[in-house]
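Notes to accompany the following structure.
Bear in mind these aren't lab numbers, they're just calculated from the coordinates by the rules spelled out. These figures come from a predicted structure and were not determined experimentally. Note that each Cβ is placed from the backbone with ideal geometry, even for glycine, and that neighbours are counted across all protein chains shown.
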Amino acid sequence: MWAANNYSEEMSTGRELLEELRRDEELRRALAEELLPEALRHKELRRTILLAVSREMATKEDLDKLGREIKAYIDARIGDVNARIEDLNTGINGRINDLNPRIEDLNRRISDLQTRINDLQTTLNSRIDDVNKRVGDLYGVVKASLVAIVVTLASTILVPLILKILF
């Protein structure tokens, strides 16, 4: 009976140890560091460990598959970016095409204004020429009037003097 009772206590202690190992990661690591050198001394345990590790390692085929998946992903993103760039180009070209008629209208209006300015300049130059001609004509009249006034003054003053001197 004592053996059965002792076995039951050992099972209880083992279960407690197992529960504690499940809860405490640091304790699990310490136990593994203690057991690993011992396990590596036995050929069959080394083989078991290597098989378990090799199942977790990536093979060349795994790496090739991953490379193809990454390339496909990158190609898809490049396609998305190119589509977005094309959408932006289409939008920009649409806006440029919308602006072209407005620019042409502005150019036409500027041309009309330039024509009006040229017409006004021509009219203004013509009027200035007319004013200059009238000023020239007026200058001639004023000059003739001054000569007439001087001659009249001279004759008014000189005729009595000459008559006085002669008579």
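Exactly one residue out of Ala72, Ala58 is farther than 29 Å from Leu18 by Cβ and not in a helix (DSSP H, G or I), and it is Ala58. If you go through the range 96-117 and keep only what is surrounded by fewer than 10 Cβ atoms within 10 Å (Cβ to Cβ) and of a type in the set (Lys, Arg), you end up with just Arg102.
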